[in-house]
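*Asks:* There's a structure below that I have some questions on.
We did not get these values from a lab; they are worked out from the coordinates using the rules stated. All of these numbers come straight from a predicted model, not from anything done at the bench. No Cβ is skipped: glycine too gets one built from the backbone with ideal geometry, and neighbour counts run over all protein chains shown.
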Amino acid sequence: MGRGCFETGRYDAVFLMLTRVDLRGRDLAADPGPLAEALAPPAPEAGEGELAAVREVIASVREGGDEALRALTARFDGCDVDDLRVPQERCDAALAGLEPAFRDALTFARDQIEAYHRTQLDPQGEVHTRSGISVRELVRPVDRAGCYVPGGRATYPSTVLMTAVPARVAGVGEVALCVPPGPDGWPPDATLAAAALAGVDEVYRVGGAQAIAALAYGTETIHPVDVIVGPGNVYVALAKREVSGVVGIESLAGPSELVVVADDETPAAWAAIDLVAQAEHGPGGKAVLVTWSEAAADAIDERVAALTAESPRREEVESTMKSGGMAVLVDDPKAAMAVSNWVAPEHLQLMCAGAEGLVEEVRCAGAVFVGPWAPAPVGDYVAGVNHVLPTARTARFSSALRVDDFLKRIHVVSLDADALAGVEPTVSSFAEIEGLDAHGRSVRMRIAPPEEGRE
């Protein structure tokens, strides 16, 4: 972060909140080196100490089960919990006790998320036939899914909906939710209410790497799951990576990220508040402005500083801006998109003139928001799209949480005797080359004359 001073909300514009990175005059497509040097995210491990701590927690849960979970909850969350599972009655009571306006908001968001995710269900029963071989797919949900919802710095009922509703749409039989308890030993009522509204079967007041370990391996109270989804801090992300393969995971969703592409026509205050909105999630994330207008960079930077000074989460915003707040100057919109695609941000906001025309240039992003009237918080809550998104450049190869993350696709193959005879030479040829004699005989025995086929 550049040097700056705050005086009762005033900001001295000589100093900068966003680290200025000037990439003008560079061919970023031909030489991405400057991007890597300036914008590379921290390694997911963040250090061997964190990884060792996560492995210690996982080992402790695998060996000690519920007793270890209680000890770790007391250690990390500062509260004693006897019964790890939150009674369904408490979730129902939390939902019934919601202020009506927020209950309406929660229900609207639930319905939006469900409607969008239902569009992801592929039709079943379609049969592909070629060379007499019929192939179709069975689409089956996993039996049991684990959803992780962060706590500590904030309350996230929206993440309950984003993880549990797609699981329900997929047809998952059992959905378990882990969320860290507050100082009183209970998760927030808003989180429990969302769990009740989303149809979560089991809620456990356990957080951090220990929750991921419990969901993956099981304890006396928490039965193991098939898939774990949901965002978290570096310890949660590392734990998900450690248990991947034992269970499925959707991604290593970590600290929040935003890239805003802006120009002279972008309302500076709007761009600034959007950068601050992502930064208020806390340290480790990115809030990156990309522009070909130095005047726009100055104006937006000044507004970021003013908004940070008045933010109720000023500490979190300043922490994010210090490590991940940047204003990147480029030559033109094409160069701006090269920067964005390299960053592969969790959220991308195209707030410049001609924003719709830049959508076709997007290659790597978790979610894209087009135009000045589409801020990322709409996607966080009510657009229906999922806000569990890939971070730390993993949008190069992964996507938002989808119904598919809870589904398995099973091939079903059928053919008759004539079709089998037709493909026998090809099967036998492969079997001979690969030295797998029984593979070839498996086909030949079926199409041989009756006496030979009973060998």
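*Asks:* Arrange the following residues from fewest to most other Cβ atoms within 10 Å of their Cβ: His223, His128.
*Replies:* Values: His223 14, His128 9.
In order of increasing Cβ crowding within 10 Å: His128, His223.
*Asks:* Also, quick follow-up: Quick check on the chain: of the DSSP beta bridges with both residues there, what percent are antiparallel, nearest 5%?
*Replies:* Values: 16 of 53 bridges.
Close to 30 percent.
*Asks:* How big is the gap, in Å, between the Cα center of segment 150-179 and the Cα center of segment 218-294?
*Replies:* Measuring centre to centre over Cα atoms gives 16 Å.
*Asks:* For a quick check: with amide H placed at 1.01 Å from N, whose amide H comes under 5 Å from Ala327's, ignoring anything fewer than 5 positions away on the same chain?
*Replies:* Thr19, Arg20, Val21, Leu289
*Asks:* Right, next: Please state the shape class of segment 48-251: rounded when a/c is under 1.5, otherwise prolate if a/b exceeds b/c and oblate if not, all from the C-alpha gyration tensor.
*Replies:* Working: a/c = 2.27, a/b = 1.29, b/c = 1.76.
It comes out oblate by the Cα gyration axes.
*Asks:* Right, something else. What relative contact order, as a whole-number percentage, does the chain give when Cα pairs under 8 Å and 6 or more residues apart are counted?
*Replies:* Numbers: 932 pairs, mean separation 88.5, N = 455.
Computed over the chain, the figure is 19 percent.
*Asks:* For each of Ile58, Ile433, Ile222, Ile273, count neighbouring Cβ atoms within 10 Å of the residue's Cβ, then give the residues from fewest to most. Write out the running numbers ahead of the final one.
*Replies:* Numbers: Ile58 21, Ile433 8, Ile222 25, Ile273 16.
Lowest to highest Cβ neighbour count: Ile433, Ile273, Ile58, Ile222.
*Asks:* Using θ = phi - 60° and the Karplus form 6.51 cos²θ - 1.76 cosθ + 1.60, what ³J(HN,Hα) does each residue of segment 357-373 get, whole Hz, x for Gly and Pro?
*Replies:* Per-residue couplings from phi come out as x, 8, 4, 5, 7, 6, 10, 9, 5, x, 8, 10, 10, 10, x, x, 9 Hz.
*Asks:* How far is helix 314-324 tilted, in degrees, relative to the longest principal axis of the Cα atoms in the chain, given as a value from 0 to 90 rounded to the nearest 10?
*Replies:* In the chain, helix 314-324 runs at an angle near 70 degrees to the longest axis.
*Asks:* Same structure again: Dipole of segment 199-302, Cα-centred, from +1 at each Lys and Arg C-beta and -1 at each Asp and Glu C-beta, to the nearest 20 debye? Provide the component values of the computation, followed by the final result.
*Replies:* Details: 4 positive and 16 negative charges, 144 e Å.
Using only the charged Cβ atoms, the result is roughly 700 debye.
*Asks:* Report the gain in length on full extension from Ala52 to Ser399: 0.36 nm times residue separation, minus Cα-Cα distance, nm rounded to one decimal.
*Replies:* Numbers: separation 347, 0.36 × 347 = 124.92 nm, distance 2.83 nm.
Gain on stretching Ala52 to Ser399: 122.1 nm.
*Asks:* A follow-up question, please. In debye, nearest 20: dipole of the chain around its Cα centre with unit charges on the Cβ of K, R (+) and D, E (-)?
*Replies:* Numbers: 39 positive and 68 negative charges, 56 e Å.
Approximately 260 debye in magnitude.
*Asks:* Cut-off is 10 Å between beta-carbons; in what order do Ile410, Ile228 appear when sorted fewest neighbours first?
*Replies:* On the way: Ile410 10, Ile228 27.
Ascending number of Cβ neighbours within 10 Å: Ile410, Ile228.
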